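Novice: Structure provided below as C-alpha cells; questions to follow.
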Amino acid sequence: ILIFGLGPAPRMEIAGAAWATVAAAGTAGLLAAAVVIFREKLIDFSAVDPKVLIAHWKRIGRVGLPAAVSNMVNPLALAVIVAGVARFGEAAAAGFGIAVRAEMFLIIPLFAVSAAIGPMTGQNSGADKPERVRGAFRSGFLFAVAWSAAVAVVLAIFAGPLAALFSQDPATQATARIYFYIVPMSVWGYGVTIAASAGFNGLSRPGPALAMTLTRSLILLAPAAWIGGALGGAPIGAFVGMAAANVAAGLGVAAYVLMRAYPPTPAAAASAAE
C-alpha cells in the first residue's frame with residue numbers, strides 16, 4: 001500500500017517499503033511482548049540480583065552471540081557474491097537478485113527445520129537420549145534434500161515465467177533463468193548446514209555451529225562464486241561455483257555430524273570422565 005499508494009496513503013515507492021517494514025516489525029514486537037508479559041506471564045519485573053542477572057546473560061551470550069554471528073554470515077556472503085556478479089553488468093546483478101529472492105521464498109521450510117531442531121537436540125541430549133538427537137539430525141538432513149529437490153524442479157519448470165514476472169529486461173530474465181536451472185538443485189547443502197548449526201546451538205556447542213556457517217558461506221560459497229565467475233565467464237560460472245560450494249558444504253557437514261562429531265550427552269560425558 002505504501003509503495004504504490006492506495007486510498008489516502010501516498011505513493012512512497014522505496015521509502016514506503018522502509019516505513020512498512022518499520023511498522024510491521026514494531027507492531028509484531030509489541031504484540032509478542034504483550035502475549036509474553038500479560039497472557040503467558042513469562043516476565044517478572046521484580047528486582048533481580050545483578051550477579052544473578054549477569055550470570056544469566058553470560059550463559060545466554062555464550063550461545064547467543066555466536067548464533068547471532070552465524071545469522072550475519074550468509075547475508076555478508078551474498079553481498080560479496082552480488083559484488084562479483086555485478087562485474088558482468090547491471091542486468092546480471094538484477095537477475096541474480098530476482099532469483100535469490102524467489103528461491104528464498106520457496107525454501108522457507110528449511111528455515112523452519114533449523115528453528116525446530118535446536119529444542120529437539122537440546123532436550124533429548126539433556127535427557128541422555130543420543131539416538132533421538134541423531135534421528136533429529138538425520139530427519140532434518142533428509143527433509144532438506146527432499147524439499148530442495150522439489151524446489152529445483154519447480155524453479156526449473158517455471159524459470160521463464162518467474163523471471164518475466166519480475167522484469168521485462170531480456171538480459172535480466174536470462175540471468176535469473178540460468179540461476180534457476182543451476183543453483184536450486186544444490187540448495188540442500190545450505191539446508192543441511194543451517195539445520196546442523198541450529199542443532200549444535202541447541203546442544204550448547206556454538207563453536208562447531210559457527211564454524212559450519214563460516215565454512216559454507218565465507219570459505220566456500222563467496223570465493224567459489226568469484227572464482228567460478230572468473231573462470232567460467234558471465235554469471236553462469238559464478239552460479240556453478242555457488243552450486244559446487246553448497247554441495248561441498250552439505251556433504252562435509254553431514255559427514256561431520258553423522259559420522260564422527262555427534263557430541264556426548266551429559267551422562268555419557270560424566271561416564272567418560274569417571
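Novice: Give the dimensionless ratio obtained when the Cα radius of gyration of the range 52-96 is divided by 2.2 N^0.38 Å. Can you show the working numbers first?
Specialist: Numbers: Rg = 17.9 Å, N = 45, 2.2 N^0.38 = 9.3 Å.
For the range 52-96, the normalised Cα radius of gyration comes out at 1.92.
Novice: Using +1 at the Cβ of each Lys and Arg and -1 at the Cβ of each Asp and Glu in the range 1-132, identify which of Pro10, Gly61, Ala94 lies farthest towards the dipole's positive end.
Specialist: Of the candidates, Gly61 comes out farthest on the positive side.
Novice: A follow-up question, please. Would you mind telling me the share, in percent, of accessible area of the chain contributed by carbon and sulfur at probe 1.4 angstrom?
Specialist: 72
Novice: Taking every pair of alpha-carbon atoms in the range 39-123, what share in percent sits in each 10 Å bin, from 0 to the bin with the longest distance?
Specialist: Values per bin, smallest distances first: 12, 26, 27, 18, 12, 4.
Novice: Here's another thing I want to ask about it. Could you check how many percent of all C-alpha pairs in the range 84-148 are farther apart than 21 Å?
Specialist: Numbers: 969 of 2080 pairs.
In whole percent, the share of Cα-Cα pairs in the range 84-148 beyond 21 Å is 47.
Novice: Return the FRET efficiency for the residue pair Lys41, Tyr256: r is the Cβ-Cβ distance, R0 is 45 Å, and the value is rounded to the nearest 0.05.
Specialist: It comes to 0.60.
Novice: Taking the Cα atoms only, what angle lies between the long axis of helix 90-106 and the longest principal axis of the chain, rounded to 10 degrees?
Specialist: 40
Novice: Along its three principal axes, how long is the range 121-199 when you only count alpha carbons? Whole Å, largest extent first please.
Specialist: Sorted largest first, the three principal extents are 57, 17, 16 Å.
Novice: Ok, one more. With N set to the residue count of the range 6-153, report its C-alpha Rg divided by 2.2 N^0.38 Å to two decimal places. Spell out each step's value before the answer.
Specialist: Numbers: Rg = 21.3 Å, N = 148, 2.2 N^0.38 = 14.7 Å.
Dividing the Cα radius of gyration by 2.2 N^0.38 Å gives 1.45.
Novice: Tilt of helix 108-126 relative to the longest C-alpha principal axis of the chain, in degrees (0 to 90, nearest 10)?
Specialist: The two axes meet at around 10 degrees.
Novice: Cα convex hull of the range 72-207: how many Å³ per residue? Please report the intermediate quantities before stating the final value.
Specialist: Numbers: hull volume 12.2 nm³, N = 136.
Considering the Cα atoms of the range 72-207, their hull volume per residue is 90 Å³.
Novice: Plugging the Kirkwood radius over Cα pairs into Stokes-Einstein for the range 1-75, at a temperature of 25 °C and a viscosity of 0.890 mPa s, what D comes out in µm²/s?
Specialist: The Stokes-Einstein estimate is 151 µm²/s.
Novice: Run through all the Cα pairs of the range 166-258 and give the fraction in each 10 Å bin from 0, expressed as whole percent.
Specialist: 18, 41, 26, 13, 3
Novice: What number comes out for accessible area per residue over the chain if the probe is 1.4 Å? Units Å², please.
Specialist: 55
The values are calculated or read from the model by the stated rules, or taken from the named source; none is laboratory data. Here the structure is a predicted model, which means the values were calculated and not measured. Quick reminder, even Gly has a Cβ in these numbers, built from the backbone with ideal geometry, and neighbours come from all protein chains shown. Only protein heavy atoms, including side chains, enter the accessible area calculation; ligands, DNA and RNA are left aside. Shrake-Rupley method; radii C 1.70, N 1.55, O 1.52, S 1.80 Å.
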